[in-house]
Each structure stands twice: as C-alpha cells, then as structure tokens.
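Encoded as structure tokens, the structure appears first; notes follow it.
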Amino acid sequence: METTSKAQPSGEGGSIEHYDAVIIGAGFSGMYALHHLREMGLSVRVYDGASGVGGTWWYNRYPGARVDAPGSPFYCYTFSEELMKEWDWAELQADQSAVLDYLEFVADRLDLRRDIQFETWVQDARYDESLQRWTVDTSTGLRASAQFLICAVGALSTTNMPDIPGILDFAGECYHTGRWPHEPVSFQGKRVAVIGTGSSGIQSIPEIAKEADHVTVLQRTPQFTFPCGNRPVKPEDMSEARENWDTYVAKMYASPAGFPFDMNVRKALDDTPEQRRALYEALWQRGGVDFLIDGYSDITTSEEANAWLADFCRDKIREIVRDPETARKLMPDHFILTKRAILDSGYYETFNRDNVTLVDLREDPIERFTPASVITRSGEHPIDMLVLATGFDAISGSMLRLNPKGRGGESLKERWQDRFHNYLGLSVAGFPNMFMIHGPGSPGVFYNMPLGAERQMNWIGNLISDMKERGMRAVEPTTESEEKWDNVVAEKAHSTLLPRTDSWWTGANVPGKPRYFSVYLDGGGYHQIISDVATKGYEGFVFK
Ligand code: N01
C-alpha cells in the first residue's frame, strides 16, 4: 500500500496521481473518512465540487435552514473529545451557518484542507480489474488512481428539478433550496412562488413571507409538521454534556437512532384517550422531535395509534389556521410520520398572513410557466421569483449521478436499473474496493448521520487493515449476500406503515425511480450486524 502520492504519466496525455484512497465528497462523512484513513497511514485525496467543506450544509443555505434532528450538542462528531470540548453550540436546533462554522472549525483543527481538492467534480470513476485499482477523472482535468474508492456523496445532495412546461422560460430569479446562492437573496417587494412543502419549503416559507411582497405556496402534498421548539443551549447544559461526554457517546452508540435519549416504549393504545391527549399537548408545547422520543412506540406500526396522533395534529391545524378553506387544503391525509418528520417555526401560522396564498395543486394543478408567471388551472399568478423546494433524488441519486463503472465496465446505472443492489448499505457486487457512506441499504437518514458516518467509516477502515494484514488486494460482496440483505431491509420496512406512503424514502418523488423503501430501519441493530459480519471474517464478501 502506498503512503505518498506520486504524479506519474497517465499514458493518455495527462498526469495521474496515485493514492491509497480517493474520497468523493467533503461533507460530514468525507471529512471523517479523510481523517480516519490518514490516521491509519494511508495516502488520501478528497474531491468536492463545492469551494469549501460542508457538503449538504455548504449548499443548503436557504432562509430558515436548520438541523431538524434532536440537535445540539449531539449532531456532531463523537470521535474526538477535544473537538467536543472546544466547540460551543448556541441553539438546540443549530442553523445552517452554525453547522457550517462547526465543520470549518473541524477542518482547521484537523488540518483537513491540505488533502481536499475543492471545485473539482469527479466526472468518471472506473475500476481496472488487472491493476485492482480505481481511476477517477475530474472536471479540472486532474486524474487520480487509488486502491479504494470511498463514496461520501451525500444521501440528500442531488437536487430533484421539476419538469413543468415552460419552467425554463421563466425569466425571474429562480433558486433551488438545495443549491441556494452564496450572495444574499432579497425578497423585498417581490412576488415569490414556492413549489414544495417538505422540510425545505416548510422551513423557508415563514422566513420568505416575513420579507416578500407576496408568497404563493404551490403545494402538492399537505404535510404534518411539528413546532421545532428551538431554544438556546444553556451554558450549564453544554458543560454537563462535556463532563459526561463518554457516557453520552456510549448511549448514542447503544441507541436505535444514534442519539442519547431513552425512547418511550409505551404503546399509544395502552393509555386512555385523555392520557394520550395530555401527552400530545405537552409534547406539542415543548416542540422538537419529542413526538418521536417521548411519544408512543407504535405510531408507525399501528394504524389506530397512527390515526390518533394524525387527528390530534389535524385539530392543531384547524386551531391555528383562521381561514377554514385554507385549513382544509393544509390537511394531510397520509399516515403521520411515514414521511420525514418536519420541524417548523410558525409554518401553519404563516397562512394567517395577508401576503400568503396557498394553492392546492391536487385541485388546481400547474399548467405552465410563462416568463413572468405561473399558470394553474384556476388562473395566472404573476411572480418575480420562483423557489424550488422540490427536494432531492435522495439516498441513491448521488451514487447514480457518479455512475461508477465496475468490473468489466458495468456501470452502476446498469446494475441498479431495478433495485439499488448492495450489501449492508456499504458495497456493491461487481464494484470491488468501492464503499458507500449512507448508501441505500444502510440506516443513513434514519440515524444520527455524523455518527453513522463515523461508524461506517471505522468499519471500512478495519476491513482495509484486515486486507493489508492478509495481503489481499480486492474485496467485494457476493450477489447472494446482496439478495439476502435486500430481504432483511424489506422485512424491517414492511413491519411498519412507512412503505405505504409516497415519500423520498420510497423514491416516489422522482419519476421513473425504482419505488421501494431502501433504508434499513434499525440503526442500532445495523451496527451490531456489520460488526458481526466482520467478526465472522467478513461473511458475504469475497477477497482477491
Ligand atoms: O424535500 P422533500 P426537502 N410539483 O422531498 C414537492 C432533509 N432536510 O428538501 O410530497 C410539485 O421532503 C414534494 O411534493 P410531494 C430532511 O430530511 C434537512 O423539503 O412529493 N411539487 C414535496 O412537497 C428532508 O426530509 C434539512 O407530493 C413537487 C417537496 O416538493 C429532506 O432533506 C433541511 C414536485 C419536496 O419535499 C428533503 O427535504 C431540509 C413537482 N414536480 C431538508 N416535485 C436540515 O436538517 C416535488 N414536489 C437543515
């Protein structure tokens, strides 16, 4: 294994740099991958199309963007006590700029940037079976070869652009929330249309409405959203977390979702309606993801429990939104919590403003855009700005956009035509020495993502060390182990109501995408499974 990079002629006109590992992506996952592999003594190069670290947190700088997970100080790296000791989180639900500041601090502290090539898009990655190495070609003309290819490309990174007649003719400003400009965007005096009411739309609409002349919300699916209950992190809480960091990390490792909280194990129907209502009211007032932590354990498995919470939340919408017709349009009709839980800051309240109009696209669909308006069935809405909060080709989209070519030149697009075949959410048969962080088949978006990345990367690092000790050059899973894993993932998903709702978890938001639930639902169990696989000599993999 090489430990330094050497520029050598590529044999095709340009020069080629050689590394032990190439990492694609410099977000939470890629940054840790770099640190970890470098600590192991490997030569590593990271490529990222952005001009700074942060990945999704570098791009998603739309107004209102903030962590919508249990939050500070547990949405962060756990591997270094020093990092924890030196960083103060100000808010429970840190906003985008705070998370990006943290990642920049980590990059400085660990001196990561010297091994990251920014503004460099990996355009091609292919495996050479005779050399047992990957070659990557980049947008800057730079070419590199490496034994290992680590794809830290992001589960929520490839934007989903709506294909609506005339949208490209729209002549006003147009921004996707997942590619928000770095320059300030002013809404003042503008008529703004927002398409999309997922987390990005629901976080940004209240902020845009505070400034814009008028906001037209173009809603395809009404959503359940919970008050985010954001508040400052008290200095004494920060100190307490620091003092007991080891205990907290141990709890995070032991928990199903990677956060150090004890989940309520009580079932909803074991309580009386009065007890349920009292608990839900308290959780609503407190805000945050407490409906997931302190709410009942059977909301996503029992239709009756689910209906009860959904009705409670629909009553809240009726209570908050003054115009009954608007409230009717905002009423979600899917199983609650079977789309990603959303945390908001005054979303439903925003529809009480005079400058906000809700268009229900199910009743009044978009017909087309003109250079200065959006035309729905009921008429024309003149606009100056269009905000696309239309989400991502999530989980598998960024891997498919990279479209690596494995053994025999087979592309991932060919391999993943019908399903996202993978083993343990980490690797794909026919693509030796290629590893995914937060790929399909992993707990990815259902787990504390920074911690999940650390744990997957530690596992990959151990596998690489094991190969080194045994003199192995290449590893890949068998197709049989992929098939078995696919069944394990499906069985977990189908024990819940989650696959029954259209969502980005099921791929239903992207036309033509294989429609099935591709996330492994038990994060805690997952890490035990992959650890057991390693203990059994990497069962399900073949080595060369
Ligand atoms: O994307 P989404 P998102 N015409 O897919 C609609 C994470 N996140 O960016 O539901 C009309 O949830 C689509 O409608 P429908 C978080 O995990 C994190 O909001 O498909 N509408 C939906 O309303 C989140 O869950 C943070 O019918 C169209 C919306 O667009 C995930 O990212 C912040 C349409 C897309 O919602 C994705 O959230 C933000 C069309 N052609 C996001 N196409 C933080 O933690 C799509 N829609 C900071």
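The values are calculated or read from the model by the stated rules, or taken from the named source; none is laboratory data. Owing to the predicted nature of the structure, the values given are computational and were not obtained by experimental measurement. Quick reminder, even Gly has a Cβ in these numbers, built from the backbone with ideal geometry, and neighbours come from all protein chains shown.
Scanning region 274-306 for residues that are within 27 Å of the chain's Cα centre (by Cα) and among the small types (Gly, Ala, Ser), we see that the one that is farthest from VAL67 (Cα to Cα) is SER302. Among the residues of region 185-233, those that are assigned to a strand (DSSP E or B), away from the ligand (no atom under 14 Å from the Cβ) and within 23 Å of ARG318 (Cβ to Cβ) comprise VAL215, PRO227.
Considering THR501, THR479, the condition of being under 30 Å from ALA310 (Cα atoms) and among the polar types (S, T, N, Q) is satisfied by THR501 alone.
Only one of the numbered conditions (1) in a helix (DSSP H, G or I); (2) away from the ligand (no atom under 16 Å from the Cβ) is violated by ASP101, and that is (2).
Here ALA144 passes the criteria (1) buried (at least 17 other Cβ atoms within 10 Å of the Cβ); (2) under 27 Å from PHE446 (Cβ atoms); (3) not polar (S, T, N, Q) except the one numbered (2). For region 518-537, the criterion of being touching an Asp or Glu at 6+ places or on another chain (Cβ under 6 Å), over 30 Å from GLN223 (Cα atoms) and either free of Cβ contacts under 8 Å to residues at least 40 places away in the same chain or of a type outside the set (Gly, Ala, Ser) (or both) is met by at least one residue.
Just one residue in the set MET449, MET457 is touching a residue at least 12 places away in the same chain (Cβ under 8 Å), under 21 Å from ALA146 (Cα atoms) and of a type outside the set (Ser, Thr, Tyr); that residue is MET457.
Scan region 161-184 for residues that are in a helix (DSSP H, G or I) and within 13 Å of the ligand (Cβ to nearest atom) and the total you get is 4. Scanning region 261-315 for residues that are aliphatic (A, V, I, L, M) and surrounded by 19 or more Cβ atoms within 10 Å (Cβ to Cβ) returns ALA268, LEU279, LEU283, VAL289, LEU292, ILE299, ALA305, LEU309, ALA310. In the condition set (1) more than 16 Å from the ligand (Cβ to nearest atom); (2) within 18 Å of the chain's Cα centre (by Cα); (3) more than 21 Å from TYR253 (Cβ to Cβ); (4) of a type in the set (D, E, K, R), ARG473 is compliant with all but (2).
Per-residue answers, yes or no, for (1) part of a loop (DSSP other than H, G, I, E, B); (2) more than 16 Å from the ligand (Cβ to nearest atom); (3) in contact with a Leu (Cβ under 8 Å, 6 or more places away or on another chain); (4) without any contact (Cβ under 8 Å) to a residue 60 or more places away in the chain:
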| position | (1), (2), (3), (4) |
| --- | --- |
| ASP20 | no, yes, yes, no |
| ARG38 | no, yes, no, no |
| GLY49 | yes, yes, no, no |
| TRP57 | no, no, yes, yes |
| PRO63 | yes, no, no, no |
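When THR390, THR300, THR338 are checked against the criterion of being of a type in the set (Ser, Thr, Tyr) and either under 19 Å from ILE195 (Cα atoms) or free of Cβ contacts under 8 Å to residues at least 60 places away in the same chain (or both), a single residue qualifies: THR390.
Is it true that some residue in region 258-268 is farther than 30 Å from GLY391 by Cβ and modelled with pLDDT of 95 or more? There is at least one residue in region 258-268 that is farther than 30 Å from GLY391 by Cβ and modelled with pLDDT of 95 or more. For LEU337, the test of being buried (at least 21 other Cβ atoms within 10 Å of the Cβ), over 23 Å from LEU386 (Cα atoms) and within 14 Å of the ligand (Cβ to nearest atom) is passed. With respect to being surrounded by fewer than 21 Cβ atoms within 10 Å (Cβ to Cβ), more than 11 Å from the ligand (Cβ to nearest atom), outside any helix (DSSP H, G or I) and among the hydrophobic types (A, V, I, L, M, F, W, C), ALA107 falls outside the description. Take region 80-98 and flag every residue that is in a loop (DSSP other than H, G, I, E, B) and either free of Cβ contacts under 8 Å to residues at least 40 places away in the same chain or of a type in the set (Phe, Trp, Tyr) (or both). Of everything in region 80-98, those that are in a loop (DSSP other than H, G, I, E, B) and either free of Cβ contacts under 8 Å to residues at least 40 places away in the same chain or of a type in the set (Phe, Trp, Tyr) (or both) turn out to be SER80, TRP87, TRP89, ALA94.
When each of TYR347, TYR423 is tested for being of a type outside the set (Gly, Ala, Ser) and away from the ligand (no atom under 13 Å from the Cβ), the lone residue that passes is TYR423.
Inclusion of PHE431 among residues that are buried (at least 23 other Cβ atoms within 10 Å of the Cβ), farther than 21 Å from PHE517 by Cβ and either among the aromatic types (Phe, Trp, Tyr) or in contact with a His (Cβ under 9 Å, 6 or more places away or on another chain) (or both) is warranted. From the residues in region 112-160 that are part of a loop (DSSP other than H, G, I, E, B) and touching a His at 6+ places or on another chain (Cβ under 7 Å), which one is farthest from the ligand (Cβ to nearest atom)? Among them, the one singled out is LEU112.
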